[in-house]
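These notes are about the structure you will find just below.
The values are calculated or read from the model by the stated rules, or taken from the named source; none is laboratory data. Small disclaimer: the values here were computed from a predicted structure and weren't measured. When we count neighbours, we look across all protein chains shown, and the Cβ atoms used for this are built from the backbone with ideal geometry, even at glycine. Accessible surface areas use protein heavy atoms only, side chains included; no ligands, DNA or RNA. Shrake-Rupley method; radii C 1.70, N 1.55, O 1.52, S 1.80 Å.
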Amino acid sequence: MVNILENNSILSIQKVDHCYDKQDTNKLSVSNLNLVINSGEFVSIIGPSGCGKTTILNLIAGLLSPISGEISIFGFTPKDFRTKKSIGMVFQSPAILPWLTVFQNLLLPLQINPVPSKNSQQQGIVENILSRIQMEPYSDFYPHQLSGGMKQRVGIGMALVFDPKILLLDEPLGSLDEITRGHMRYDLIENLRSKNKTIIMVTHSIEDAVVMSDQIIVLSKNPATVLTQIPVKFSVNRTKDLEYRTEFISLVNQVKKYLSVSTNDF
Amino acid sequence: MIFKMLYKFLNIIFSGKLKPFAFKIVPPLFLIILILLIWEIIVRSLGIPDYVVPTWQQVISELYMKPMFFIEHSLITLMEAFSGFILGMIFSIFLAAVMVHNNLLERSIYPIALMLKVTPIIAIAPLIVIWLGFGYSPKIFITFLITFFPILINALTGFKDVDNNKYRFFQILNASKFEIFLKLRFFTAIPYLFSAFKISIPLSVIGAVVGEWFTGNSGLGSIILVSNNELQTSTLFASILLLSLIGCLLTVCTNLLEKKVVFWRYNIFID
């Protein structure tokens with residue numbers, strides 16, 4: 001594959017179309033999508049309900065294939081890149097298995113892809129993740145014994161086991177209450193932003209997007225196409241005070257305005 | 001005096017540590033006693049002969065007089081029912097596992113399985129006896145036939161009912177179909193399997209009895225047949241009681257096992 005990436009960019013989406021019904025290619029879910037994402041960037045994708053946000057994440061993860069256009073990650077196709085264990089994914093309802101303990105859930109990716117193969121090394125990785133997500137005391141707990149925020153932290157931990165270069169977040173705070181959500185925003189910033197990972201997050205929450213991102217991509221109604229890209233120029237170390245600043249409020253309103261244009265377009 | 005003692009007894013068991021246990025046990029126990037009383041009153045007051053309906057004391061004394069006879073035949077029926085059920089369970093789970101990975105196979109097998117299910121087992125039983133002889137095998141096979149369909153359907157539904165996010169997570173990890181089956185599909189299906197077992201276990205007792213009717217040399221089914229022909233109604237009632245007890249015992253064991261195995265379904269979230 002020809003390397004079409006720019007200097008610092010790691011992900012390039014060029015003229016991508018996708019449709020779920022292969023018989024009827026007129027019903028596109030994503031249309032002429034163009035995106036370039038740089039290394040270490042935190043990008044939020046926001047758009048009307050059902051516009052195709054999750055479809056874009058699935059395309060980047062190589063779980064879906066475009067009918068036309070090209071997606072390139074570090075010069076590889078998404079499917080090839082996925083086999084290098086370099087993509088992690090966090091879901092709205094965490095993909096933790098209720099019949100396994102927190103420790104066993106974190107060990108699961110290493111059992112499916114046994115690298116390293118030694119048990120002691122695998123346990124070392126899991127212990128490291130446990131401390132990173134601050135869940136050490138709950139290592140032997142089952143998911144039904146955890147709160148929503150704790151479960152989401154385990155879900156994040158499972159995505160981090162192979163230290164992926166790209167992390168895809170599919171509405172990671174969507175199932176949490178407002179207070180937990182407020183805490184988890186900064187939890188995510190601390191856990192993920194500081195590790196210089198490239199993060200692509202799909203969200204419905206404008207506040208989440210503005211607090212966490214370097215760039216917000218507003219999508220049109222279905223079929224999804226990029227309506228606008230808004231840079232977020234706050235400092236890297238973000239705290240709760242940010243939410244009371246006028247720049248924050250004006251940025252939230254700016255995104256709201258674009259989103260209402262996108263939604264009214266229905 | 002009796003009522004005073006009864007009141008005291010109920011007061012003791014409905015207070016303190018025994019309270020949850022008492023709430024489970026006492027109401028059905030009282031209902032059973034009430035039914036026995038009504039049974040006794042009707043039989044005695046209407047003068048019903050014991051070859052039509054025996055008193056419950058006659059049924060109990062029948063069991064008390066020939067304990068080894070009833071234990072031996074109960075164990076035979078239990079063994080046939082259990083063997084047929086286990087065979088049906090293994091075969092259904094294996095078949096569902098194959099069907100969930102192959103649409104064509106699912107579409108091909110399902111109508112045949114449905115045909116087997118809707119055909120009355122009592123109509124096929126004589127054929128099975130002709131083909132498999134008079135030993136245990138026709139009884140076990142009839143039990144297998146009657147139990148396998150509910151397990152097949154529930155296993156298939158359970159294997160398919162995988163949470164989309166969990167499935168995507170396994171795909172992200174490049175898990176093979178076999179790994180997805182073993183670590184995700186199978187565990188997702190366990191609650192569905194237990195629901196099927198609760199239907200199939202009482203059916204397995206019916207299957208064993210039907211098999212015994214046609215081969216008629218051992219088991220509670222053959223005792224029912226013989227005692228019916230000889231108008232030994234108390235033996236017949238004792239056999240029916242034992243069959244009910246076997247069904248109840250197997251169902252209770254399944255319920256207890258389900259609570260142990262599917263522990264995540266029986267716990268309250270602290271969220």
- Task: Taking only Cα atoms and a 10 Å spring cutoff, compute GNM fluctuations for chain A and point out the largest among A:Gly174, A:Gly88, A:Gly50.
- Result: A:Gly50
- Message: If amide hydrogens are placed 1.01 Å from N in the peptide plane, which non-local residues have theirs closer than 5 Å to the one on A:Met89?
- Response: A:Leu168
- Message: For the protein assembly as shown, give me the percentage of DSSP beta bridges that are antiparallel, rounded to the nearest 5 percent.
- Response: 45
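In what sequence, highest mean first, do A:209-215, A:17-23 appear when ranked by Cβ atoms within 10 angstrom?
Going by the mean number of other Cβ atoms within 10 Å, highest first, we get A:209-215, A:17-23.
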- Result for region A:115-266: accessible area per residue, probe 1.4 angstrom, in square angstrom, of 46
- By per-residue mean of other Cβ atoms within 10 Å, what is the highest-first order of B:41-47, A:237-243, B:191-197, A:135-141? B:191-197, A:135-141, A:237-243, B:41-47
- Task: Take the alpha-carbon centre of region B:166-205, take the same for region B:1-47, and report the distance between them in whole Å.
- Result: 43
- Item | Against the rule of thumb 2.2 N^0.38 Å, how large the Cα Rg of chain A comes out | 1.01
- Just tell me how shielded B:172-185 is by partners: mean number of partner chain Cβ atoms within 10 Å of each residue's Cβ, no decimals. 4
- Which residues in region A:187-223 place their backbone N less than 19 Å from a point set 7 Å from the Cα of A:Asn237 along the Cα-to-Cβ direction? A:187-197, A:211-214
- Equivalent-ellipsoid semi-axes of the protein assembly as shown, from the Cα gyration tensor, Å, largest first: 63, 29, 21
- Any idea how far apart A:Gln23 and B:Leu46 come out in nm if each label point goes 7 Å out from Cα toward Cβ? 6.3
- Message: Taking every DSSP beta bridge with both residues inside chain A, roughly what % is antiparallel (nearest 5)?
- Response: 45
- Any lysines with Cα under 21 Å of the A:Lys85 Cα? List them, leaving off those in the same chain fewer than 8 positions away. A:Lys118, A:Lys165, A:Lys195, A:Lys197, B:Lys166, B:Lys177, B:Lys183
- Query: Under the definition of partner shielding as Cβ atoms of other protein chains within 10 Å of a residue Cβ, what is the mean value for peptide A:142-148?
  - Reply: 4
- Note on the structure: Length gained if B:Met79 through B:Ser108 is fully extended, taking 0.36 nm per residue and subtracting the Cα-Cα distance, is 7.2 nm
- Task: State, to one decimal in nm, how far the label point of A:Val36 lies from the label point of B:Thr157, with both points 7 Å from Cα in the Cβ direction.
- Result: 5.3
- Query: Taking a label point 7 Å from the Cα of B:Asn11 along the Cα→Cβ vector, which residues of region B:22-58 have an amide N closer than 19 Å to it?
  - Reply: B:22-23
- Item | Pairwise FRET efficiency - B:Leu249 versus B:Lys117, Cβ, R0 = 30 Å, nearest 0.05 | 0.70
